[in-house]
Amino acid sequence: MRGSLVGTAVTLAAGALLTAAMTTASASPPSTAPKAEPAKPVLVDCFWNRHVRPADFILACGDGNSRLLGLHWSQWGRQAATAVGVNAVNDCKPYCAAGRFHSYRVTVRLDQPRPWKKHPDVEHYTRMSLTYEGARPEGFKQVVTYPLWD
């Protein structure tokens, strides 16, 4: 009988400890862990690939005669992204296959994020502005703005 009392006492004590632990856990305040930040917009390229802070980017998808190279991103946010780099542009003289590429220092700004038609749950930048810091291609304004494909 003595063994039965000890076993009962141990079982009751274990049950009480388990109940206390469960009550404490369920009575704890809600988690204060930070909520996940929404994904930042992406830059969509000619082949419908998503990029975040790409080092290079083709602007003239058909022939590759204008591209951004050596991009260094200082910002990639929910509303805009900013980088500095080089716009390599073919002068197409006397025609594009025989032309020469010239490099122009630019500041790149991406903005106007919108849901991407191909993946509506993903936002992508829909506009790119290039600001030429000095020399620029013949016929170009100091700031050129392009709509980006969807």
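For segment 43-147, what are Rg and Dmax over the alpha carbons, in angstrom?
Cα radius of gyration and Dmax of segment 43-147 are 14.2, 45 Å respectively.
Per 0.36 nm of contour for each residue apart, how much would the distance between residue 144 and residue 69 grow if the chain were fully extended, relative to their Cα-Cα spacing? Working shown, then result.
Details: separation 75, 0.36 × 75 = 27.00 nm, distance 1.68 nm.
Computed gain between residue 144 and residue 69 is 25.3 nm.
Compute the length gained on full extension between residue 112 and residue 91: take 0.36 nm times their separation in residues and subtract their Cα-Cα distance, giving the result in nm to one decimal. Don't skip to the answer; put the middle values down first.
Working: separation 21, 0.36 × 21 = 7.56 nm, distance 3.01 nm.
Length gained between residue 112 and residue 91: 4.6 nm.
What does the charge count near residue 121 come to, summing +1 for each Lys or Arg and -1 for each Asp or Glu among other residues with Cβ under 15 Å from its Cβ? Write out the running numbers ahead of the final one.
Numbers: positive: 40, 50, 114, 117, 118; negative: 123, 150.
Its environment carries a net charge of +3.
Rule-based calculations on the coordinates, nothing more; no lab input. If you're wondering where the values come from, they're calculated on a predicted model, not measured in any experiment. No Cβ is skipped: glycine too gets one built from the backbone with ideal geometry, and neighbour counts run over all protein chains shown.
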